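Chemist: Structure provided below as structure tokens; questions to follow.
The values are calculated or read from the model by the stated rules, or taken from the named source; none is laboratory data. Nothing here was measured: the structure is a model prediction, and the numbers come from that model. Cβ atoms come from the backbone with ideal geometry, glycine included; neighbour counts cover every protein chain shown. Areas reflect the complete protein model, heavy atoms only, side chains present, ligands, DNA and RNA absent. Shrake-Rupley method; radii C 1.70, N 1.55, O 1.52, S 1.80 Å.
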Amino acid sequence: MSNVRLDWSDVEAGDCSVTRTVDLLGDGWSVLVLRDVFNGVRRFDDLTAHLGISRSVLTDRLARLVDAGVLERRPYREPGDRERFEYRLTGKGRDLQTVLVALMDYGDRWLRHEDGGPPVVLRHDECDTEVHARLVCDHGHVVTDRRTVRLDPLD
């Protein structure tokens, strides 16, 4: 365990995992595409209709997410139609679930719906309780005070 505390300004802005993740996601449309794919909206026309996104913007975001290895294209064919593709999360994409849940938790707390409550809640199928993103250390302690977390230099 290191006793050296880094100041965030000591970390190179471009050499940061947050920067690389934001670059991967690109923009709000990419995050919303991922949200929909997580929730079972996987086909191009369905994504276009649900998000209200232009076809060209959706094509660009899907290509970026496929190229980054977050989504994969899988062919399907409805009877009488040409072959089309749907988009499925890869392991790399599924690992973004905590990020999306954290964004949802933030919005539920600070950007409340008109009636004061969240529009939806996530529930764990096994016990029917709500699901939230939490900071947890490797020993299983839930971190509730940001001041108890520090940056350590890697040797």
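Chemist: Quick one: what do you get for the chain if you divide its Cα Rg by 2.2 N^0.38 Å? Walk me through the intermediate numbers first.
Modeler: Working: Rg = 19.1 Å, N = 155, 2.2 N^0.38 = 15.0 Å.
In units of the 2.2 N^0.38 Å rule of thumb, it is 1.28.
Chemist: Using a Gaussian network model of the chain whose springs link C-alpha atoms within less than 10 Å, name the residue from THR90, THR48, THR144 with the highest mean-square fluctuation.
Modeler: Greatest mean-square fluctuation among the candidates belongs to THR144.
Chemist: Could I ask something else about it? Two decimals is fine: what's Rg over Rh for segment 69-146, C-alpha atoms, Kirkwood radius as Rh? It would help to have the intermediate numbers written out before the result.
Modeler: Details: Rg = 18.0 Å, Rh = 15.9 Å.
Using only Cα positions, Rg/Rh for segment 69-146 is 1.13.
Chemist: Another question, if that's okay. For segment 1-154, which whole-number percentage of the solvent-accessible area (1.4 Å probe, protein heavy atoms only) is attributable to carbon and sulfur atoms?
Modeler: Working: 5780 of 11490 Å².
The value for segment 1-154 is 50 percent carbon and sulfur by accessible area.
Chemist: Hey, what angle do you get for helix 55-67 against the long axis of the chain, alpha-carbon based, 0 to 90 degrees rounded to 10?
Modeler: 60 degrees
Chemist: Per residue of segment 127-142, in order, report the coupling 6.51 cos²θ - 1.76 cosθ + 1.60 (Karplus, θ = phi - 60°) as ³J(HN,Hα) in whole Hz, putting x for Gly and Pro.
Modeler: Values, residue by residue: 10, 6, 9, 5, 10, 9, 7, 9, 8, 9, 7, 5, 8, x, 6, 7 Hz.
Chemist: Considering only DSSP states other than H, G, I, E and B, which trypsin sites (Lys or Arg not before Pro) in segment 19-124 qualify as loop sites with at most 10 other Cβ atoms within 10 Å?
Modeler: Qualifying residues, ordered by number: ARG77, ARG82.
Chemist: Also, quick follow-up: For the chain, which span is the longest to avoid every loop-located (per DSSP) member of GluC sites (Glu not before Pro) having at most 16 other Cβ atoms inside 10 Å? Could you put the intermediate results ahead of the total?
Modeler: On the way: sites that count: GLU12, GLU83, GLU114, GLU126.
Longest gap between qualifying sites, sites excluded: 13-82.
Chemist: Now, a different point. Work out, step by step, the length gained on full extension between TYR106 and SER54: first 0.36 nm times the residue separation, then minus their alpha carbon distance; give nm to one decimal.
Modeler: Numbers: separation 52, 0.36 × 52 = 18.72 nm, distance 2.73 nm.
Taking TYR106 through SER54 to full extension adds about 16.0 nm, to one decimal.
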